[in-house]
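**Q** Here it is, the structure, as structure tokens.
The values are calculated or read from the model by the stated rules, or taken from the named source; none is laboratory data. In this text, all values refer to a predicted model and were calculated from it rather than measured experimentally. A quick note on method: Cβ atoms are made from the backbone with ideal geometry, for glycine too, and the neighbour counts reach across all protein chains shown. The protein model used for the area step is the full one, side chains on, heavy atoms only, and it has no ligands, DNA or RNA in it. Shrake-Rupley method; radii C 1.70, N 1.55, O 1.52, S 1.80 Å.
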Amino acid sequence: MKEIIAIIRPNKVTATKKALDRMGFPGMSVIPVFGRGKQKGIAEEVSVEISPIVRGMGSYKGMMYVPKRLLSIVVPANMLGRVVNTIIKINQTGGIGDGKIIVCPVEQALRVRTGELGTAAIL
């Protein structure tokens, strides 16, 4: 099993969730997060109006942190490529801020309600 951690734009969560649901992966955790990458927070990343005066203040035209969503989904190892490619297909715009995908190994999963272990616990 693998955990996929995807950091994506907030406006892409619904489309990503629907695509993964169609693939048979309805379960995921979604957490609002703030962060920045090499560009140090691009003001154009957010969908709020920023006054030209504020945008032009000083030489720094970025933001401290950009709002994103962190998705965590555990999948069987044999489905990793398909799920990652689906996340990329939905979220890739070619612009700065498309996000990151991190894959981690999962040693064990347990469904608390039923006691199911392994892949049975995540599907």
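**Q** Just name the residue that is surrounded by the fewest Cβ atoms within 10 Å (Cβ to Cβ) out of those in the stretch 94-106 that are out of contact with any helix residue (DSSP H, G or I) (no Cβ under 8 Å at 6 or more places or on another chain) and touching a residue at least 40 places away in the same chain (Cβ under 8 Å).
**A** It comes out as Pro105.
**Q** Which numbered condition trips up Pro26, out of (1) at pLDDT below 95; (2) buried (at least 16 other Cβ atoms within 10 Å of the Cβ)?
**A** Single failed check for Pro26: (2).
**Q** Go through the stretch 71-85 and give me each residue that's in a strand (DSSP E or B) and crowded, with 18+ Cβ neighbours inside 10 Å. Give the steps one after another, and end with the answer.
**A** Keep residues of the stretch 71-85 that are in a strand (DSSP E or B), which gives 71-75.
Across the stretch 71-85, the qualifying residues are Leu71, Ile73, Val74, Val75.
**Q** A follow-up question, please. Confirm whether Ile88 is within 11 Å of the chain's Cα centre (by Cα), farther than 22 Å from Gly37 by Cα, among the aliphatic types (A, V, I, L, M) and open to solvent by less than 70 Å² (accessible area, probe 1.4 Å). Steps first, answer last, please.
**A** Details: within 11 Å of the chain's Cα centre (by Cα): yes; farther than 22 Å from Gly37 by Cα: no; among the aliphatic types (A, V, I, L, M): yes; open to solvent by less than 70 Å² (accessible area, probe 1.4 Å): yes.
Criteria not met by Ile88.
**Q** Conditions: (1) open to solvent by less than 80 Å² (accessible area, probe 1.4 Å); (2) at pLDDT 95 or above. Pro10 meets all but one. Number of the miss?
**A** The single condition Pro10 does not satisfy is (2).
Results for (1) more than 25 Å from Pro105 (Cβ to Cβ); (2) part of a helix (DSSP H, G or I); (3) under 18 Å from the mean Cα position of the chain (by Cα); (4) at pLDDT 95 or above, shown as yes or no for each residue.
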| residue | (1), (2), (3), (4) |
| --- | --- |
| Ile5 | no, no, yes, yes |
| Thr16 | no, yes, yes, yes |
| Ala19 | no, yes, yes, yes |
| Val48 | yes, no, no, no |
| Tyr60 | yes, no, no, no |
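**Q** If you don't mind, there's one more thing I want to ask. Only residues in the stretch 9-28 that are under 17 Å from Ala120 (Cα atoms) count as the first member; pair them with residues that are open to solvent by 80 Å² or more (accessible area, probe 1.4 Å) and at pLDDT 95 or above, Cβ under 9 angstrom, at least 6 apart or cross-chain, and list the lot.
**A** Met23/Arg82; Pro26/Lys17; Met28/Lys17
**Q** Could you tell me which of the residues Arg113, Arg82 is without any contact (Cβ under 8 Å) to a residue 24 or more places away in the chain and either charged (D, E, K, R) or under 13 Å from Phe25 (Cβ atoms) (or both)?
**A** Only one candidate qualifies: Arg113.
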